[in-house]
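The values are calculated or read from the model by the stated rules, or taken from the named source; none is laboratory data. Predicted model, so just to flag it, every value in this text is computed and none were measured. Positions of Cβ are generated from backbone atoms using ideal geometry, with glycine treated the same way; all protein chains shown enter the neighbour counts. These accessible areas exclude ligands, DNA and RNA; they are computed on the full protein's heavy atoms, side chains included. Shrake-Rupley method; radii C 1.70, N 1.55, O 1.52, S 1.80 Å.
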Amino acid sequence: MSPLHRADMTSRRALGFSLVEMLVAVAALSLIALGLARVFAATGDTLRIGRRVSRLNEYAAMIERQLRQDVQAMSTDGFVLIRHRLADDGSNIAVSSLSTQSARPRRVDELVFFEEGQFNSIRDAVNPMRQAGGSAARVYIGHGLRWDQSSRDYQNAPRVDRPRAASATDVVPAPAFGIAGPNQFAGDWILLRHLTVLSGPETTARKAPLMSGADSFPDSAIQVGWQPALSSVFQWEAESLPDTLPTAASLVRGGPVGRPVSASGLVDVATTDLTEIRSTITDARAPRVSGIRNISQSIDQDLAEDEAILGSQIPGVAYRWVLPRSAGRLGTPDWDAPVRAMQAWMVDALPAASDIGAASGQERRVRAEALPPDYLGTIGASGVEGQAFQETQPWRRTDQTMLTASNFVPGCSEFIVEWSFGNVYTDAADPDLRGQIIWHGLERDVADGTQVLPYLGNLLTDPQDRAAQQYTIDVPSITGAFAAFRYRVPHELIHYAPPGTMRDSTLYSCFGYVDPFWPYHDAGGVDLNTAAERAQILGQYGQSIPWAWPKLIRITITLSDPNEPNVEQTYQYVLEVPKRPGRIKG
Amino acid sequence: MMKRLNSTLRYRVCLPGSAKCPAIRRGFSLIELLVAIIILGLGLLGLAALFPVVIREQRIGTDNVLGVTVSNSARATLTSTSWERGCRAWSSTSGTPSAWAMLRDSTNGLASGARASAPGLAPNGPAQEYELGQWWIPEITESVGLWPVGTTMIGDPRINDRKCGVPLATRIYPNDGEPQMVWDFAIQRVPDFNFNTGPDRDRLRAAVFVRRIDPRVRIGSRSLREVLLDPDGTLPLSERRFPVGADMDNLPTLDGSNGNGGAGYAKLMVATYQTDFQARSAAAGADITRLTDIDTEEPIGRLMAQLGQKFVDNLGNIYTVIEIETPPGAAAGLVDIRISPSMPESAIRITAGGRGLRNLQQLLFSPQVPAAVVLTEIDP
């Protein structure tokens, strides 16, 4: 074929690329595309991770704001209780069913304190003219427990008076953290910030009707502003008081009449105030009904251990672990000794009886749901399947929303609370620790090389560091009366542990009102000698000194990403606790 | 191949306006195609170049959020810890005041001889200057000794009894998990104008700088925490890395080293008014919006002239650099920086009696642009 002829032929068609040209072009393009794809993929990954991190960070910043605000507003007229707790006694718990490598022991601590300010119930008002409010609130920060959806109780109308801590028959269909059920995986856990408004004792509650005949539901111990109310922040009192219940006709919700409990998750008002709470604790003796908390057993154990650790191991330390009620040393354990009784009452101010059944995977917490189980009432909460809530019972829908109203951090896979007196390690033999802050709580190794321990908890293993660990209060001398001395805060004042096998996984740190040990110890553990001197000290500095409070609280929160449950991010906040007024500087 | 190309070319030559050659559509040549691909590629690359910027901005945003968290925790830690009590506990000479106590307790009322012999009082200069609320930057321990490496040392470095340290482990965030941020601080005394009545307690003020841990710390088979903190105490100093590295000139290396195989810590720095920078007011009473005559050929000037850089002056104000300008006719390397908020003119106005407590003297800053800066008063 001649060239001319070929050109002729070509001229009749469009001139395209040759195969080789195409191949070169495709190769070049695909190389570029490949490179670009890599760049874009990497960028996309980075952006996705960045977006996730910044979303978590943003969320963490929100949590921090709230926590700081709460702790800053902490009332020094209240008490602080921390329950350090390893979920399911320390078994490994994964963040989701897809992520077995994330299984590890996880902490589900609880924190209770009080705030002053203006607070209102977050329940929708049944009667818009009546609003439950108060000038103080109990703040609870801790995980809630979701109920098992396959249980009948889940969809039934929730009851304000169940579950009661005192009742072994109030079985809760809420398998605890790590146990098969809705709370098995840490990624599903919900951290609550549950406020209970203290609306004042029943006697001062507003009882006057708004207009004549209009208010047929007066305030009482269990009803404020047409809302259900706890008669006390203490579980035992809320379940047993008042002795005489109001009639069904005087309650907006009618009968059957029961005493509301905070573990129900439905109630956020209590007819009490800080004064009443204070007197309950400072005047503490044993709860009126024995056996409700197994205090005596734990105290026996406490004493044996304390003596083993402190009495015999450290020469010269004669540890008196509770203040005798009569003169002289306490010979035999007295289960309603003041400090243990005070601590027992503080523990009773947790919203739910966390210790009951905790050893057998039945830990109790406030009920919390990710979504209202039956918002319309059509599934069963109205009593009749397929029928919505009636207009005459508007609180039924509010009950449903209350189950989600306190949700603070969904997907919170760990919550650790630790505290410090602000002491630093001083041991020159261990320079790596020197100058680091000593934190207290349930025993835990921290990556920075420190170990969190109960206050004075390492005396047995490391008596060297006693000087740094102990928290002393300098008491100035009075000329001619007594010499300056240092009062050492005993660990029994702070810590309390439930009996039995839970000891390794549960610890309470209690910060109450007045120190019942004062002024019987000094820093060396030597008794302040004569009664005359004691009288002088008491005369100068008062019958009591404030219960030693922490200076810092450290909160460690781990968030899991709902979109990628394998990803967890840990945040840590060091919070300053407001100083309590006192004449002697700690 | 060549043959074919030739035929195409020849054909093209004959084509224009030729009646013999009928109008035809023809494809692109390979050259054209390649040029087009290159242009496209360049365009796409340009697009891709946008992403690092986005990522950087995103990281800065994240840092800023996290920085607030860290600075809040640092503030609580500094404020509520019994530093002095700890310091006293390890002082071997009983009755020796701790470094913190010496910082806090004014000795201005003492005879000048006593003041001059008080070690640890004015490590950066004469006692008088220290009294003027100037920033005092703690030493960082860089060798293994009595103190853990990286401890921020307060006090006279020559005298162990008068030192007090805040260890690196306390200053790294978070305490648990992958280290992300580190905080550092400088101290100034806040004089209470009660000079002549003998030693009295002044308040101390700390400026806390939160910085991101260097992104390029090489860790090998170890974890970042191991390289930074050496919990076992086994790493030679040449393998240790600091969370924020800097070379001899305090220029950041971003890899935790001193740029020479060893570890170097990027300490906080102080720029001195009228030495390292100038501040002028446009008119009497007008605010100062620019710091001028900053020599970017000097390390200190280079580190000052960074967008987003933050300064704390000796009066306790925090400024942020919002613009860097080269003024017309300026000598090579000299720049101005615009700061926000602006500075009151009174800061540089000299009243009778010379420069005093109300005057601008120093700007405190960190070599790396910090994620957050806070001031807090402390009572050690």
- prompt: With Cβ to Cβ distances under 14 Å as the rule, what net charge do the other residues near B:Val373 carry (K, R +1; D, E -1)?
  reply: +2
message: Explain nothing, just compute: Karplus ³J(HN,Hα) = 6.51 cos²θ - 1.76 cosθ + 1.60, θ = phi - 60°, for every residue of the range B:46-54 in order, whole Hz, x for Gly and Pro.
response: x, 4, 5, 5, 5, 5, x, 5, 4
Unit Cα scatterers, Debye sum, the range B:276-346: log10 I(q)/I(0) for q = 0.15, 0.20, 0.23, 0.28 Å⁻¹: -0.46, -0.81, -1.04, -1.37
Where A meets B: accessible area buried, both sides, 1.4 Å probe, Å²: 5200 Å²
statement: Note: A:553-562 gets an average of partner chain Cβ contacts (10 Å, Cβ to Cβ) equal to 1
field: Per-peptide average of other Cβ atoms within 10 Å, ordering B:226-233, A:123-130, B:327-334, A:52-59 highest first
entry: B:226-233, A:52-59, A:123-130, B:327-334
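Please report the projected area of the range A:387-452's Cα convex hull averaged over all directions, in nm². List each step's numbers first, then the result.
Working: hull surface 31.5 nm².
Mean projected area for the range A:387-452: 7.9 nm², to one decimal.
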message: So the label point goes 7 Å from the Cα of A:Val257 along Cα→C-beta, right? Which residues of the range A:227-243 then have their backbone N under 13 Å from it?
response: A:241-243
- prompt: Extension gain B:Gln306-B:Val54, at 0.36 nm per residue separation less the Cα-Cα distance, in nm?
  reply: 88.8 nm
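Which three semi-axes in whole Å describe the equivalent ellipsoid of the range B:165-309, each the square root of 5 times a Cα gyration tensor eigenvalue, listed largest first?
For the range B:165-309, the ellipsoid semi-axes come out as 35, 23, 13 Å.
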task: Quantify how strongly other chains surround peptide B:67-76 by giving the mean number of their Cβ atoms within 10 Å of each of its Cβ atoms.
output: 5
task: Can you check what the net charge comes to around B:Pro167, using other residues whose Cβ is under 11 Å from the Cβ of B:Pro167 (Lys, Arg +1; Asp, Glu -1)?
output: 0
Two-site label geometry, A:Glu385 and B:Arg203: point separation in nm, points 7 Å out along Cα→Cβ: 6.9 nm
- prompt: Counting Lys +1, Arg +1, Asp -1, Glu -1, what net charge surrounds B:Val208 among other residues with beta carbon under 10 Å of its beta carbon?
  reply: +1
message: Can I get the semi-axes of the range A:117-161's equivalent ellipsoid? Compute them from the C-alpha gyration tensor as square roots of 5 times the eigenvalues, in angstrom, largest first.
response: 28, 17, 7
field: Residue-normalised accessible area of the range A:59-171, given per residue in Å² at a 1.4 Å probe
entry: 40 Å²
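Using a Förster distance of 25 Å, how high is the FRET efficiency between A:Thr392 and A:Thr275, based on the Cβ-Cβ distance and rounded to 0.05?
Numbers: r = 38 Å, r/R0 = 1.52.
After rounding, the FRET efficiency stands at 0.05.
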- line: Of all trypsin sites (Lys or Arg not before Pro) in the range A:70-111, the ones in DSSP coil with at most 14 other Cβ atoms within 10 Å are none
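For the range A:96-176, what is the convex hull volume of its Cα atoms per residue in Å³?
Per residue, the Cα convex hull of the range A:96-176 comes to 190 Å³.
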Shape metrics for the range A:143-184, restricted to C-alpha atoms - Rg then Dmax, Å: 10.6, 27
Karplus (6.51, -1.76, 1.60) ³J(HN,Hα), θ = phi - 60°, over the range A:239-249, in Hz, Gly and Pro reported as x: 8, 10, 10, x, 4, 10, 7, x, 6, 4, 5
statement: By the mean-Cβ-within-10 Å protection proxy, highest first, A:373-382, A:186-195 rank as A:186-195, A:373-382
